[in-house]
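The values are calculated or read from the model by the stated rules, or taken from the named source; none is laboratory data. Note that the coordinates shown come from a computational prediction; the quantities given were computed from them, not determined experimentally. Cβ placement follows ideal geometry from the backbone for every residue including glycine, while neighbour counts extend to all protein chains displayed. Ligands, DNA and RNA are excluded from the accessible area calculation, which covers all protein heavy atoms including side chains. Shrake-Rupley method; radii C 1.70, N 1.55, O 1.52, S 1.80 Å.
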Amino acid sequence: MKPARRRFDCLVIGAGGGGLRAALQLAQSDIHVAVVSKVFPTRSHTVAAQGGMNAALGNVTPDNWHWHMYDTVKGSDYLGDQDAIEYMCRAASRLVVELEHFGVPFTRLDNGHIYQRPFGGQSQNFGGEQAARTCAAADRTGHAILHALYQQNIRAKTHFFDEFFALDLIRDEEGFVLGALALEIETGEPLLIEAKTTLLATGGAGRMYRTTTNALINTGDGMGMALRAGIPLEDMEFQQFHPTGIAGAGMLITEGVRGEGGYLINRDGERFMERYAPHAKDLASRDVVSRAIAIEIRDDRGCGPQKDHVLLKLDHLGADIIKSRLPGIRESAIRFAGTDPIEQPIPVYPTLHYTMGGIPTDRHGQVVIPEKTGPEEAVPGLYAVGECACVSVHGANRLGGNSLLDIVVFGRAAGNHIVQYLDEHRFHRALDAAQVDRAMQRLARWEAHGDGESVPTLYNELRQIMEQYCGVFRSQEVLDEGLSKVRRIRERLIDARLQDHSRVFNTARIEALELENLVEIALATVSSAAARTESRGAHSRVDYPDRDDVNWMKHTLYTTDSEPLDYKPVRMRPMSVDAFPPKERVY
Amino acid sequence: MKFSIYRFDPEAGDKPSMQGYELDLVDKPHVRMLLDALIELKAVDESLSFRRSCREGVCGSDGMNINGRNGLACITPLADLAEPVVVRPLPGLPVIRDLIVDLTQFYTQYRAVKPWLVNHDPEPETERAQTPAERAELDGLYECILCACCSTACPSFWWNPDRFLGPAALLQAWRFLADSRDQDTGERLDGLEDPYRLFRCHTIMNCTDVCPKGLNPTRAIGKIKQMLLKRAG
Ligand SMILES: Cc1cc2nc3c(=O)[nH]c(=O)nc-3n(C[C@H](O)[C@H](O)[C@H](O)COP(=O)(O)OP(=O)(O)OC[C@H]3O[C@@H](n4cnc5c(N)ncnc54)[C@H](O)[C@@H]3O)c2cc1C
Ligand code: SF4
Ligand code: SF4
Ligand code: FES
């Protein structure tokens, strides 16, 4: 069967903040752009971001982009690429202001400027006093930004394919990416979208863990598509655990709570972060705080009858602050933890939150891979931005508030680069039917009838394995065992079957296709983690507790079914300023 | 726990029907909300279809009619529900399958109010200033998650689908009228001055009653009416 076809200059896959910011840039440059999203755009996960977006506006404390850059490099545990970090931090203020002009209802200071709150890992003057750098719209910043970006896109007449599921990239013999095959969810019909340029903005893969702050749709589809197109994933061992997910449930309690003055206590009521990070305390980097909580619980100082969580106290902030600056948090805590934070502390536990690794790109959003000439050769016609990409501005540990920034900065940068690329590549390349058939195979495979394990069974097992074998603390033995377990899931998936073969809005089929992606990404994650014999940022090895700059100042590159792993150097040279050389990381 | 769920499979050619389900909640402490229960049921009967994403009440995917009242499955505690829990798609819109409705009309109405900020002044280098009081005018408006619970509970929306804009779109119309930075007031009001688009609202309050985010479209509609009257007067 031959799928229907459509043609565009640019195909954007993903309508979160990253995809929409890029699409807007393109639509405003009169590029014929289409956005494909498996959910209606405002249901994308960006909507859930709470605390805010970093930019050195200096509205509340003195600030400048260079300090922001220092904090980001340090936060990344020196694995971030310093040219991309400089680019992002320099662009930040201008892009926040631009979002404000797009209509984002930022919270305001008395003087009418944008309100900024302190977040973890922020300092003035290269490691001095706490800075307040996170621009906020109450605790619904992601919602405010995503809706404004969607609204600007409707105004700019961007073409949307809502509720279309992208299956696979189409890549020709010479390596050019020519678009993607998608599935119209409502009809179950495939659609081939040919495009001179394709941008992946499909978000993170938090759903490979059992307890996560991530939406049910965060299944890393773009990363799976990249792997199947022979493109490696970078630094997948770095998965961020957010210190304050609601214990047992996983919903996020923003770092903004600690920014506003909330703090963590253990069973004895002790403010234990003072011991782990005497200076920054509860606002140390996320990896540091998550490890501290895990240690408190391990050493029997956890709270509750099972001693399996710690408490986040904020009642001392007073009802007014909580209601005006943290209304969404209060709603979530009452709903999912059964406590009103105005009166009682919230039970919290480190929860899988963010995928630092992803599809390797340069700072223009071009996907770059080691091929013939060097470690960073552009894949013609392919771009990636946002959580599915690895620029890498977050390195081994992302700072809170830097992801919303990442998506708008690199969404815009990729848009600009695509305009330039299209200028030099005016024509569609011939499409190779064999490539389309290969993509169609993904659908055909699930047409098989008969008995077999179900998708939810394997999905739940996978998530359990990842939590148990690739969590906050890791060791060789445990990771190796985890790796063989994930491989086993992958084998079992081959014989899994759907019972529902209907066409119209078949969500079981979508879940099966998502699981295929998750399994490949889980494999990338555990393999990369098992190989890295050091501790850096979010990757903590109990058997290798120290950072090893001699052997491991490098990015991991994982390609499906190709061993051993590949590596490439960290880009230590910023665009214009001096490099920040690795130092011991204390908070 | 017992459920009675609306089923419709357009390919089977059958009429819609209600199907009974039972879920054992023993040893399932993680199944607390209706959405959790639907996911458990789907693990057994994978043909059961519904939309979902954030599972925390912020994305607006899983609006449905629960024991006769519109709401979000992911923030509706099972403990609060009488059995059997009767779950139906949002009323008044074409059903695509099971609990999934066609929201085209709802989105068209949203786009019809030009839901974006318009400001004709040259772009300043910095943010456009707004006082905390001016910004407070947007609270209770910008938080809308487009879940369609309100519009599909509104009789005027059911009876005048192509002429009345419905509470969700009107709430957004007011969100921009109320924004001190927006300069399109005149045109926005022109677009609403019509016997149907706005004035079909008879202040029945269903919308405000069901909004899972606690927003108040009725009040927003009232404010637009006031503004129009003031302009006329
Ligand atoms: C609860 C929570 C709170 C957060 N708070 C903050 C914060 O305060 N500050 C901050 O900086 N960061 C925060 N983050 C991180 C940040 O929100 C995300 O990293 C960021 O929004 C990701 O944006 P994105 O555009 O890359 O992807 P997403 O917003 O996840 O969008 C992905 C898009 O891709 C589409 N898609 C995926 N797969 C397919 C497919 N196969 N076919 C078609 N479409 C597909 C989806 O439909 C969606 O439109 C938070 C994250 C979480 C989980
Ligand atoms: S108040 Fe108006 S908009 Fe709301 S339900 Fe009633 S008629 Fe509909
Ligand atoms: S006003 Fe409330 S009920 Fe209506 S769409 Fe918005 S959030 Fe949903
Ligand atoms: S799943 Fe997002 S609102 Fe319920």
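As I understand it, the value is the acute angle between the Cα axis of helix A:507-531 and the longest principal axis of the Cα atoms of chain A; what does it come to in degrees, rounded to 10?
Approximately 60 degrees, to the nearest 10.
Alpha carbons only, please: Rg and Dmax for region A:260-393, in angstrom.
20.4, 62
Share of region A:444-574's accessible area from carbon and sulfur, percent, 1.4 Å? If you can, show how the numbers build up before the last one.
Values: 2710 of 5530 Å².
Taking all protein chains in place, region A:444-574 shows 49 percent carbon and sulfur surface.
Can you tell me which aspartates and glutamates have their Cα less than 14 Å from the Cα of residue B:225? Leave out same-chain residues fewer than eight positions away.
B:190, B:193, B:194
Give the cross-link partners of residue B:28 among the lysines, using a straight C-alpha distance below 17 Å as the criterion and excluding same-chain residues fewer than 8 apart.
Once the sequence-local lysines are set aside, what remains near residue B:28 is B:2, B:42.
In vacuo Debye scattering of region A:323-387, one point per C-alpha: log10 I(q)/I(0) at q = 0.14, 0.17, 0.29 Å⁻¹?
-0.61, -0.68, -1.18
Using a simple charge model, +1 on the beta-carbon of Lys and Arg, -1 on the beta-carbon of Asp and Glu, nothing else, what dipole does chain B show about its Cα centre, in debye to the nearest 20?
Values: 28 positive and 33 negative charges, 145 e Å.
In debye, rounded to 20, chain B gives about 700.
Given H placed on each backbone N at 1.01 Å, which residues far from residue A:390 in sequence or on other chains put an amide H within less than 5 Å of it?
Here the answer is A:359, A:361, since their amide H atoms fall under 5 Å of that of residue A:390.
At 4 °C and 1.567 mPa s, grab the translational diffusion coefficient of region B:1-88 from Stokes-Einstein with a Kirkwood Rh over Cα pairs, rounded to a whole number in µm² per second. Display every interim value, and only then the final one.
Values: Rh = 13.4 Å.
The diffusion coefficient I find is 97 µm²/s.
Once both axes come from the Cα atoms, what is the angle between helix A:286-298 and the longest principal axis of chain A, in degrees from 0 to 90, rounded to 10?
Compared with the principal axis, the helix lies near 70 degrees.
DSSP loop GluC sites (Glu not before Pro) in region B:85-159 with at most 10 other Cβ atoms within 10 Å of their Cβ, which ones? Could the numbers behind the result be given before it?
Numbers: sites: B:125, B:127, B:134, B:137, B:143; in loops: B:125, B:127, B:137, B:143.
Those that pass, being in a loop and sparsely packed, are B:125.
For region A:112-216, what percent of Cα pairs sit more than 18 Å apart? Intermediate results must be reported in sequence, preceding the final value.
Details: 3922 of 5460 pairs.
Every Cα pair in region A:112-216 considered, those over 18 Å come to 72 percent.
May I ask you to list the lysines whose Cα is less than 25 Å away from that of residue A:583, ignoring any residue fewer than eight positions away on the same chain?
Cross-link targets: A:74, A:281, A:554, A:568.
For chain B, count the residues as N, evaluate 2.2 N^0.38 Å, and divide the Cα radius of gyration by that value, please. Walk me through the numbers before you get to the answer.
Numbers: Rg = 20.1 Å, N = 233, 2.2 N^0.38 = 17.5 Å.
Cα-based Rg divided by the globular estimate yields 1.15.
Starting at the first residue of region B:65-70, write each ³J(HN,Hα) from the Karplus equation 6.51 cos²θ - 1.76 cosθ + 1.60 with θ = phi - 60°, in whole Hz, x for Gly and Pro.
3J(HN,Hα) across region B:65-70, in whole Hz: 9, 10, 6, x, 10, 6.
Would you mind calculating the relative contact order of chain B from Cα pairs under 8 angstrom and at least 6 residues apart, reporting the percent as a whole number? Intermediate values should be presented prior to the final figure.
Working: 364 pairs, mean separation 41.5, N = 233.
After rounding, I find 18 percent.
Nearest 100 Å² is fine: how much accessible area is buried between A and B, summed over both sides, with a 1.4 Å probe?
Working: alone 21550 and 12610 Å², together 29100 Å².
For chain A against chain B, roughly 5100 Å² becomes buried.
Which of the helices in chain B, when you take each full DSSP H run, stretch at least 18 Å along the axis at their Cα atoms and have an average Kyte-Doolittle score of -0.5 or higher? Could you put the intermediate results ahead of the total?
On the way: long enough: B:217-232 (22 Å, -0.30).
Both cut-offs are met by B:217-232.
For chain A, divide the Cα radius of gyration by the Kirkwood radius and give the resulting Rg/Rh value with two decimals. It would help to have the intermediate numbers written out before the result.
Working: Rg = 22.6 Å, Rh = 23.8 Å.
That ratio is 0.95, to two decimals.
For region B:1-108, which whole-number percentage of the solvent-accessible area (1.4 Å probe, protein heavy atoms only) is attributable to carbon and sulfur atoms?
On the way: 2370 of 4450 Å².
Carbon-and-sulfur percentage of accessible area, whole number: 53.
Report, in degrees rounded to the nearest 10, the 0 to 90 angle that the Cα long axis of helix A:17-28 makes with the longest principal axis of chain A.
Taking the Cα atoms of chain A, the angle to A:17-28 is about 60 degrees.
Per DSSP helix of 4 or more residues, -39500 (n - 2.57); summed, then divided by the residues of the protein assembly as shown. What does that give at 222 nm, rounded to the nearest 500? Provide the component values of the computation, followed by the final result.
Numbers: 24 runs with 271 residues, N = 820.
It comes out at -10000 deg cm²/dmol, rounded to the nearest 500.
Starting from region A:413-511, pick out the trypsin sites (Lys or Arg not before Pro) whose DSSP state is loop and whose Cβ has at most 12 other Cβ atoms within 10 Å. All intermediate terms of the calculation are to be shown ahead of the outcome.
Numbers: sites: A:426, A:429, A:438, A:442, A:445, A:463, A:474, A:485, A:487, A:488, A:490, A:492, A:497, A:503, A:509; in loops: A:426, A:429, A:497, A:503.
Within region A:413-511, the qualifying trypsin sites (Lys or Arg not before Pro) (loop, at most 12 other Cβ atoms within 10 Å) are A:426.
Enumerate the amide H contacts of residue A:310 below 5 Å, restricted to partners 5 or more residues apart or on another chain; note that Pro and chain-start residues carry no placed amide H.
Close amide H contacts, sequence-distant or interchain: A:303, A:348.
Non-local amide H neighbours of residue A:189 (under 5 Å, H modeled in plane, Pro and chain starts lacking H): which ones?
A:184
Got a sec? Charge dipole of the protein assembly as shown, +1 on Cβ for Lys and Arg, -1 for Asp and Glu; which of A:550, A:478, B:117 is way out at the positive end?
B:117
In a shell of Cβ-Cβ distance under 14 Å around residue A:580, excluding residue A:580 itself, what net charge do Lys and Arg (+1) and Asp and Glu (-1) give? Kindly include the intermediate steps, with their values, before the conclusion.
Values: positive: A:74, A:571, A:573, A:583, A:585; negative: A:71, A:77, A:81, A:83, A:86, A:549, A:578, A:584.
Spelling it out: positives minus negatives among the neighbours equals -3.
Give me the accessible area per residue for chain A, probe 1.4 Å, as a whole number in Å². Each step should come with its number before you reach the end.
Details: 19060 Å² over 587 residues.
Here the residues of chain A average 32 Å² of exposed surface.
Only four residue types carry charge here, +1 at the Cβ of Lys and Arg and -1 at the Cβ of Asp and Glu. Report the dipole size of region A:102-196 about the Cα centre in Debye, rounded to the nearest 20. Working shown, then result.
Working: 8 positive and 13 negative charges, 169 e Å.
Roughly 820 debye for region A:102-196.
To the nearest 20 debye, what is the magnitude of the charge dipole of chain A about its Cα centre, counting +1 on the Cβ of each Lys and Arg and -1 on the Cβ of each Asp and Glu?
Values: 65 positive and 78 negative charges, 175 e Å.
Computed about the Cα centre, the dipole is about 840 debye.
Go through region A:223-315 and name the GluC sites (Glu not before Pro) that are in a DSSP coil and have 15 or fewer other Cβ atoms within 10 Å of their Cβ.
A:270
At 1.4 Å probe size, with the rest of the protein present, what percent of the exposed accessible area of region B:170-224 is carbon and sulfur atoms? Could you put the intermediate results ahead of the total?
Working: 1030 of 2240 Å².
The nonpolar share, carbon plus sulfur, comes to 46 percent.
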